[in-house]
Amino acid sequence: MSPRSPIRVAAVQPHLELGAVEPNLRRIEDLIRDAHREHQPQVIVVPEAMTSPNVYHEVLRGVARPIDGAPFQLLTRLSRELDCVIGGGFLARRGGDVYGTYVLSEPDGRGHLHDKDIPSAWENNYYRGGDDQGRTHLATLGLDVGVCSGWEWMRYRTSRRLRGVDLVLGGMCWPSFPLNWGGPLRRWVDREHAIWRQAQRELPRQVARLVGAPVAHAAHVGPVTSQTPLATSIPWRTEMLGETQICDAEGTILARLTLEDGEGHVAADVTPGSVAPLDPISDRRFWIPVVTPSTYAAWYGMNAHGRLSYRWRKLRGRHEWQSWPGGDLPDELPPVADEQQHLAVSR
Amino acid sequence: MEQHDVVIVGARLAGTAAAAELARQGRDVVVLDRARFPSDTLSTHVMFGGGIDELRRMGAYDRIAALDPSYMRELEIHFDGGVTVQERWGACGEADWVWCIPRLEQDAILVEAARDRGADVREGWEVLDVLWRGGRVAGVRCRDADGAVHELGAKLVIGADGRRSTISARVGAWTPYRGSRNGRGLVFRYLDDPQAGTRRNETLAQWRDGDSFCMVFPSAPRPRTVALVMGPASDVTRARKDPEGTWAEFLRRHPGFAERIAGATNLGKIRSTADVSAYFRASSGPGWALAGDAGHFKDPVIGNGQRDALWMGRSLAEAAAPLLDDPGALDVALRRWEQERDDECLSAYHFANNETRIQPQSPILIDIARRAGRGRADPLSPDLGDLFQRVRTQQDVLPVRRLAGGLAGAVRRRPRAALRTIREAIPELRTDLAIRAEVRARRFRSTRPIGGSEHPGWSWPPPPARRPIAAAEGDGAAASERPAPKRRRPRATTVPSETTTEQPKVPA
């Protein structure tokens with residue numbers, strides 16, 4: 001297919017239950033099938049963390065799955081069955097660590113794995129960052145694509161490394177500030193929540209204009225209750241910010257689901273292909289949106305806390321996943337026959 | 001859709017062992033098998049002590065003992081050059097003997113034992129496909145003995161359906177991630193032991209002549225015996241063209257073997273197979289596991305397949321039974337079980353790869369055997385017996401110090417060939433050290449081959465094609481319109497053809 005021929009892309013906005021990996025995967029399967037039935041797309045994207053909303057909570061310690069486990073099987077088998085490219089992310093054990101891996105699966109068995117480069121804040125408790133470029137080639141569609149997970153979308157350096165791709169695909173799991181905190185904190189929380197909502201709303205089209213390619217961005221939505229880092233007895237009730245969007249290379253929103261829309265899926269016809277980016281990439285700034293002091297504090301504080309916790313637990317063999325055998329898959333998986341699946345091995 | 005805790009595909013060793021244990025733990029388990037029992041399959045027949053213990057656990061022991069089997073209490077290995085090692089089998093579990101039961105009778109008893117424990121064994125049922133939900137195997141689509149198609153839901157599907165496992169194909173694990181080409185073929189026949197009632201009828205005997213291994217396994221009911229030759233795989237081709245002529249040639253080439261069975265009566269037809277490449281398949285995934293030959297197969301030259309299949313079935317069931325209601329924990333348990341299986345089998349896999357090589361016996365091994373044969377220092381610690389029984393690994397039985405001693409002895413015994421002996425020993429020692437390192441490393445599904453142990457050139461056929469449901473339904477009647485299937489009892493009149501020289505199933 002020529003990079004200039006339009007393709008139909010669908011994006012799924014799920015409302016998932018914290019820690020309920022298997023029910024969530026069934027829900028994701030239903031949403032993917034429904035999106036396929038309704039839109040007949042060539043590409044379907046679901047968010048990162050499709051096994052469980054990725055928030056600070058002790059149940060997240062049991063959410064990681066083998067890289068070739070049920071989430072991977074779901075994506076690869078549905079891709080083959082529905083004859084379309086399907087992408088989704090989950091916490092995956094790869095070798096000796098857990099990563100936030102986003103898998104793009106093609107109908108012929110090809111697979112493309114991208115590990116999020118920096119876990120966001122509390123996420124550092126549960127996994128570590130990867131070092132791949134997040135660029136790959138979809139042979140089925142003849143397209144170079146870039147893959148983004150979570151707050152990778154927010155960083156200029158991500159847009160810089162994805163420049164030149166025909167299409168940007170990926171997902172977001174963005175829980176907001178604690179909406180249950182009252183008293184003197186109420187105003188502060190409301191303000192931060194509004195800023196984050198705005199940032200999330202603008203982000204997909206900003207990335208489209210910075211990269212110079214259409215974007216499909218799938219996001220979690222709906223209420224979720226987590227714990228407060230370093231004060232786990234204090235509940236952190238909030239909501240996933242939604243804003244599943246499909247935009248063209250100029251940043252025009254072609255399809256969108258907001259927080260208020262709730263769970264669902266949308267689709268749009270986009271014309272893939274790299275064009276001259278409309279917006280420049282800042283060499284001085286790290287973040288694309290405006291980042292408040294609170295966000296900076298959370299980013300640096302929780303990153304440090306999470307990384308220390310992850311390393312300390314690993315050193316003592318206290319991560320649950322350390323008790324089961326690992327194995328890994330390469331980032332680029334070749335096509336395989338119907339009766340052969342990619343299964344993790346130690347090379 | 002019928003819902004069950006576990007569906008097991010294959011009702012022989014691993015399948016019935018798993019079914020018996022799951023049912024014992026109160027789980028709702030269905031076992032499906034294309035065959036109707038009694039049903040034969042190619043096999044070395046040997047059941048070492050660990051396997052006999054498994055029979056006891058699953059409740060099949062008394063019925064098999066009632067078949068009047070020979071109890072092989074001793075092991076006798078004759079090496080080239082007149083060296084003979086004779087050992088009494090050490091206790092392995094509760095048994096200090098070895099059995100060799102014809103599969104026709106044995107497997108029917110295993111099916112009955114699983115039924116007695118509460119498993120629903122359905123004979124004549126063929127699996128067509130596996131069902132998926134949320135990235136997990138959620139059941140099977142199958143065809144009953146009358147041709148009607150059913151869907152059975154399950155929290156766990158176990159493929160215990162042999163080397164050509166349909167389940168392995170449907171879950172994407174058809175092609176092994178690691179394997180080794182076999183050097184030896186297998187040619188055997190039943191006969192009535194002319195030495196029945198003597199001590200030789202209580203001995204598992206092996207002759208290592210040149211490039212061939214010949215064996216005699218007193219079987220059941222007495223005086224039935226299995227005589228078996230594992231020579232170069234090319235023997236199988238000749239045995240298929242001219243069975244009796246090839247057998248007569250075996251007897252000429254191996255006089256010790258010929259002397260042992262001289263005067264045998266009631267000779268059965270000659271059977272053979274050369275399709276015995278060893279392998280490891282990925283054997284666990286979300287909602288599925290492979291047990292027995294479906295997941296791992298080692299060269300039959302060491303006769304450990306039956307013991308391992310029973311162990312795999314039972315240990316898999318023990319790992320899975322408490323966790324069937326927690327899918328995430330179940331998948332982790334299945335993965336751990338696969339690692340445990342590899343720990344259990346890896347050393348024996350390499351041992352079998354070594355034994356299947358077509359070459360004269362190593363002078364080092366013969367020297368070690370010579371020392372052992374000269375007078376057993378510790379009769380309570382039978383080296384070769386322990387090795388075959390898996391009481392100790394090859395690395396335990398032959399530590400580096402002992403190998404070095406064997407090398408020194410071989411050099412002393414043949415000083416003119418010292419350089420050649422050392423030159424031949426170096427790669428052997430290198431391989432041995434690599435195996436020790438691999439066993440210690442416990443790398444999950446390791447794809448690093450061990451040079452000198454794993455023989456390249458093994459090939460793998462394409463997977464069985466998925467059958468369309470319409471074709472599978474036969475006369476086309478809808479499954480839902482058919483009455484509930486009845487359990488079938490074994491048909492006592494089913495007798496396998498002994499004229500076959502090649503069957504799809506292979507030795508356990």
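Where a number appears in this text, it was derived from the coordinates with a stated rule and is not lab data. Please read all numbers here as calculations on a predicted model, not as lab measurements. Cβ atoms come from the backbone with ideal geometry, glycine included; neighbour counts cover every protein chain shown.
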* For the protein assembly as shown, with the dipole built from +1 on Lys and Arg beta-carbon atoms and -1 on Asp and Glu ones, taken about the Cα centre, which of A:N180, B:W288, B:V216 lies farthest toward the positive end? -> B:V216
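Could you calculate, for segment B:10-82, the ratio of the Cα radius of gyration to the Kirkwood radius, expressed as Rg to Rh? The partial results should precede the final answer.
Values: Rg = 16.1 Å, Rh = 14.9 Å.
Rg/Rh: 1.08.
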* DSSP-defined beta bridges in chain B - what % are antiparallel, rounded to 5 -> 70
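With only Lys, Arg, Asp and Glu charged, each at its Cβ (+1 for the first two, -1 for the last two), find how big the charge dipole of the protein assembly as shown is about the Cα centre; round to the nearest 20 debye. Intermediate values should be presented prior to the final figure.
Numbers: 116 positive and 108 negative charges, 482 e Å.
Dipole size: approximately 2320 debye.
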* Structure fact -> Gyration tensor on Cα atoms of segment A:196-314, a ≥ b ≥ c root eigenvalues, a/c under 1.5 rounded, else prolate if a/b beats b/c, else oblate, says oblate
* A:I234/A:R163 FRET efficiency (R0 45 Å; Cβ-Cβ; nearest 0.05) -> 0.60
* To do: Provide the FRET efficiency to the nearest 0.05 for the B:A91-B:A262 pair, computing r from the beta carbons and using R0 = 30 Å.
  => 0.35
* Sorted by Cβ neighbour density within 10 Å, fewest at the top, the residues B:T447, B:T84, B:T44, A:T140 -> B:T447, B:T84, A:T140, B:T44
* Dipole magnitude of chain B about its Cα centre, charges +1 at Lys/Arg Cβ and -1 at Asp/Glu Cβ only, in debye to the nearest 20? -> 1340
* Which residue, chosen from B:A319, B:A205, B:G82, occupies the Cα position most advanced towards the positive end of the dipole of chain B, where the dipole is computed from +1 (Lys, Arg) and -1 (Asp, Glu) charges on Cβ about the Cα centre? -> B:G82
* **FRET efficiency, 1/(1 + (r/R0)^6) with R0 41 Å, evaluated for B:R412 and A:W312 via beta carbons** => 0.10
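For the protein assembly as shown, what does -39500 (n - 2.57) per DSSP helix run (n ≥ 4), summed and divided by total residues, give at 222 nm, in deg cm²/dmol to the nearest 500?
-10000 deg cm²/dmol, from helical runs alone.
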* **Debye log10 I(q)/I(0) at q = 0.06, 0.08, 0.13 Å⁻¹ for chain B, Cα point scatterers** => -0.28, -0.49, -1.28
* Take the Cα radius of gyration of the protein assembly as shown and divide it by 2.2 N^0.38 Å, with N its residue count; two decimals is plenty. => 1.09
* Within segment B:225-301, list the trypsin sites (Lys or Arg not before Pro) lying in a DSSP loop whose Cβ has at most 13 other Cβ atoms in a 10 Å radius. => B:K269
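Do any trypsin sites (Lys or Arg not before Pro) in segment A:268-321 lie in a DSSP loop with no more than 15 other beta carbon atoms within 10 Å, and if so, which? If you can, show how the numbers build up before the last one.
Working: sites: A:R284, A:R285, A:R307, A:R311, A:R313, A:K314, A:R316, A:R318; in loops: A:R284, A:R285, A:R316, A:R318.
Within segment A:268-321, the qualifying trypsin sites (Lys or Arg not before Pro) (loop, at most 15 other Cβ atoms within 10 Å) are A:R284, A:R285, A:R316, A:R318.
Within 10 Å of each residue's Cβ, count the other Cβ atoms and sort B:C345, A:C148, A:C173 from fewest upward.
Sorted ascending by nearby Cβ count, the order is B:C345, A:C173, A:C148.
Taking the number of other C-beta atoms within 10 Å as the exposure measure, put B:I52, A:I246 in order starting with the fewest. Walk me through the numbers before you get to the answer.
Details: B:I52 25, A:I246 28.
Going from least to most buried by this count: B:I52, A:I246.
If Lys and Arg each add +1 and Asp and Glu each add -1, what is the summed charge of the other residues whose beta carbon sits under 10 Å from the beta carbon of B:A205? Before the final figure, lay out each step's value.
Numbers: positive: B:R200, B:R260; negative: B:E74, B:E76.
After counting each charged neighbour, the total is 0.
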* Amide H neighbours of A:L167 under 5 Å, counting only residues 5+ apart in sequence or on other chains, H built in-plane at 1.01 Å? -> A:G146, A:G273
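From the mean inverse distance of alpha carbon pairs (Kirkwood) and the Cα radius of gyration, derive Rg over Rh for segment B:363-441. Please list the in-between numbers first.
Details: Rg = 13.4 Å, Rh = 13.4 Å.
So for segment B:363-441, dividing Rg by the Kirkwood Rh gives 1.00.
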* To do: Might you report the magnitude of the Cβ-based charge dipole of segment B:188-273 about its Cα centre, with Lys and Arg at +1 and Asp and Glu at -1, to the nearest 20 debye?
  => 160
* To do: Using every pair of alpha-carbon atoms in segment B:188-273, split the distances into 5 Å bins beginning at 0 and state the percent of pairs per bin, rounded to integers.
  => 3, 15, 28, 26, 18, 8, 2, 0
